Amino acid sequence: MLVWTRSGKAIVWTAFAVVFGLLVLLPFLVVIAAAFAGSWNGVLPSDLTGEHLRQALSGDELASLSVSLQTAFMGGLLAVLFGTWGAMAAHGSRFARAADAMHHLPIAVPSVVVGLGLLVAFSRQPVLLNGTKWIVVIAHLVLMVAFSYGTVAAALQRVDPSYADVAASLGASPARVLWRVRLPMLLPAISSAAGLSVALSMGEVGATIMVYPASWRTLPVSIFALTDRGQTFVAAAEAVVLLATTVVLVLILDRLRGRAAER
Amino acid sequence: MTVQLEDVTVHFGRTCALEGFDLSVAARETVALLGPSGSGKSTALKAVAGFVRPTRGRIRLGGNDVTDLPPARRGIGVVVQQYALFPHLRVADNVAFGLRAARKPKAEVTRRVGEMLEMVGMASYGRRFPRELSGGQQQRVAIARALAIQPSVLLLDEPLAALDAQLRADMLGELQKLRREVPEIAIVYVTHDQSEALALADRIAVMRDARLVDIAPAAELYAAPPSAFTASFLGGANLLPVAMDEGGVTVAGAVIPGLKPEEGKSLLCIRPHAIRLEPPAAASAAAAGGEGVLGSEALGGAGALGGAELGGAELGSEALGGAAMGGAGARGAVEDAVEDAVRLVGRVVAAQWRGASSQVTCLVDGLAEVSVRVDVPAGRRVPEFGAGVVMVLPVEACSLVPAGVG
């Protein structure tokens, strides 16, 4: 603790509460309030209604939620697969630094540029993906693989290589060492990478907006479109749906991770 | 020979971790690889286990060349320093790991796991996870796991280094017991602790800077170290430069009676516990008996220190002479005269109390930069800091070793 006096602590806590409340909590509360507002002309919303939420959970908007979930699972889980694979392959090899740099490129490059790049690359034969859902999934995969790779690579740094050595000396084949020792020991990192990827994928806009076809519109893109058209209350209701879904997903994945980390 | 290493060399990039290493270990034999950190002892072990690939040389197990075989096909039991028990598996599953990898029938796995845990006294811990065990218990499980596959060779890499002192002493006893229970296998034991090596090993291989320095039966290596490095690393021997002429060997100007000069051996090796300390007064009496050469300082110091002050019972019976003592003094001086010993005059520069004994560090007059460590058993008086003393070096405890790097 840097602050020792009672009054000093009070000041620090108050400052924290003001900053946190204004910058983090208030926008959330406003979005939630707007989701249920019939109109908002005064300081507080009025004519509370569930109509926006009902709208956000029907027709095209519900389809958006489904699209978002599918994209997050496909993109996120593929990202975990490739990220884990990449991290394990690069670990200890002399290409580790190069692999680190390559995997972190999608974070360094703005997501809009990633989207544009995919659009340019896959709009023509031989690989024509533009207009299909796969270009969205690939965009998410590319963006999320960096986080998966980073999480798993960091965990690998901490795992003593002698576990794998000892397993091999006990007569286990490389495949057995991988499945019975190395992967189980990485499971906490892998599931935390999965949680991170899915959560980030659920909220991805930048690259998605560059590449999405009309038939595959994710929830954040819908929110953006609705806001753009001035339908702020419905957008807010969709935002609440997105928020709730993401929180539930992350909680479930965290629960799984908790089981894996139980050792 | 169960394990045979011929000219094994391991390079990691530009660093040389092991250079031209030869070793053979027979069945039923325990060989300790002893050396400071970075001496290549762990690398040698890893080469045998197959964890590192030698750049040169061959490794044979039971006559078969295994240099290019992966660890999984060598069938060697390995216990690493931090034990590496698989944290996600229960104790019983850890022990069963090797048996399941070999696809042994379920009943046999269960039976063997039970036997192994019984042997290391962990039978009731099978359902626990490794994190629920203490360091000593984890070590036993690691040994049970390594022995479950019935290896002909067991490699132990600093198995006691992670334990605290009391537990280390207990586990040393456990390992001796284990040795008797699996007499047919060959054990290679890597350690930096000379007491572990002396307690467990039939032969000790002393290593330094990626090379083998000396290898010999433990007792032989201790009694007559072939090199200066071995002498000081194994038992912390004192090494004093000697001069040689046709008459014999002299140290700091004092002739060592009965010690023959040997070609190329220019250091006198003596263990700290073999040296006795005497007050300068006793030395002066001995000098009167016609033995050794004394500096004038010792004679001068006698008055200041006072022989009687050091009159411990043990000292009195064997060494203390002179009129100041009275009683046993006269007889002591006579005995002393017949004992073959060399006496060196010096002063105390440090003393460390170690419970059962004290280690006193002395400087020898006439030997600049050489300090002599002396173990003084509890009960004997430890001279004060700065006090003048006479170090009595019995000739039967002295040997000559070559100077320079092993």
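Every number in this text was worked out from the coordinates using simple rules, so none of it is lab data. Here the structure is a predicted model, which is why all the values come from computation and not from measurement. Cβ: placed from backbone, ideal geometry, glycine included. Neighbour counts: every protein chain shown.
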Selection from A:Leu143, A:Asn130, A:Val181, by position along the positive dipole direction of the stretch A:60-260 (Cβ): A:Val181
Can you run phi through the Karplus equation (6.51, -1.76, 1.60; θ = phi - 60°) for the stretch B:56-61 and list ³J(HN,Hα) in whole Hz, with x for Gly and Pro? 8, x, 10, 10, 10, 10
Putting +1 on Lys and Arg Cβ atoms and -1 on Asp and Glu Cβ atoms, find which of A:Leu57, A:Ala214, A:Trp4 reaches farthest to the positive end of the dipole of chain A. A:Trp4
Per residue of A:169-182, how many C-beta atoms from partner chains lie within 10 Å of its own C-beta, taken as a mean? 6
Tell me which of B:Leu117, B:Leu156, B:Val80 sits at the most positive position along the dipole axis of the stretch B:3-224, charges placed on C-beta atoms (Lys, Arg +1; Asp, Glu -1). B:Leu117
Taking H placed 1.01 Å from N in the peptide plane, check which residues at least 5 places from B:Ala341 or on another chain put their amide H under 5 Å from its amide H. B:Val395
How would you rank B:Glu196, B:Glu118, going from fewest to most other Cβ atoms within 10 Å of each one's own Cβ? B:Glu118, B:Glu196
Relative contact order (percent, whole number), the stretch B:3-224, Cα cutoff 8 Å, 6+ residue spacing: 30 percent
Can you tell me how chain A classifies by the Cα gyration tensor, rounded, prolate or oblate, using a/c under 1.5 as the rounded cut? oblate
Each residue of the stretch B:91-102 in order: what ³J(HN,Hα) in whole Hz does its phi give by Karplus 6.51 cos²θ - 1.76 cosθ + 1.60, θ = phi - 60°, with x for Gly and Pro? 3, 4, 6, 4, 5, 7, 3, x, 5, 5, 4, 8
Evaluate peptide A:158-167: per residue, the Cβ atoms of other protein chains within 10 Å of its Cβ; return the mean as an integer. 6
Based on other C-beta atoms within 10 Å, arrange A:Arg229, B:Arg179 from fewest to most. A:Arg229, B:Arg179
Using modelled backbone amide H atoms (1.01 Å from N, in-plane), which distant-in-sequence or interchain residues come within less than 5 Å of B:Ala17's amide H? B:Val10, B:His11, B:Phe12
Using Cα springs under 10 Å in a Gaussian network model of chain A, which residue among A:Val113, A:Val19, A:Val80 shows the largest mean-square fluctuation? A:Val19
Sorting check: for B:252-260, B:109-117, which peptide has the highest mean count of neighbouring beta carbons within 10 Å, and how do the rest follow? B:109-117, B:252-260
Given charges of +1 on the Cβ of Lys and Arg and -1 on the Cβ of Asp and Glu, with all other atoms neutral, how large is the dipole of the protein assembly as shown about its Cα centre, in debye to the nearest 20? 3060 debye
At most 10 other Cβ within 10 Å, DSSP loop - chymotrypsin sites (Phe, Trp or Tyr not before Pro), the stretch A:1-50: A:Trp4
Residue by residue through B:66-79, how many Cβ atoms from other chains fall within 10 Å of the Cβ on average? 3
Amide H neighbours of B:Leu33 under 5 Å, counting only residues 5+ apart in sequence or on other chains, H built in-plane at 1.01 Å? B:Tyr189, B:Val190, B:Thr191, B:Ala205
Could you tell me the relative contact order of chain A? Use alpha-carbon pairs under 8 Å, at least six residues apart, and round to a whole percent. 29 percent
Integer Hz, Karplus 6.51/-1.76/1.60 couplings in order for the stretch B:75-88, x for Gly and Pro: x, 10, x, 10, 10, 8, 4, 8, 6, 6, 6, 5, x, 8
Given +1 on the Cβ of Lys and Arg, -1 on the Cβ of Asp and Glu, and no further charges, what dipole in debye does the stretch B:8-103 carry about its Cα centre, rounded to the nearest 20? 240 debye
Considering Cα pairs under 8 angstrom that are at least six residues apart, work out the relative contact order of the stretch B:150-279 and quote it in whole percent. 16 percent
Given unit charges at Cβ for Lys, Arg (+) and Asp, Glu (-), the dipole magnitude of the stretch B:39-197 about its Cα centre in debye, nearest 20, is 660 debye
With 10 angstrom as the radius, rank B:Asp209, B:Asp375 by how many other C-beta atoms surround their C-beta, starting from the fewest. B:Asp209, B:Asp375
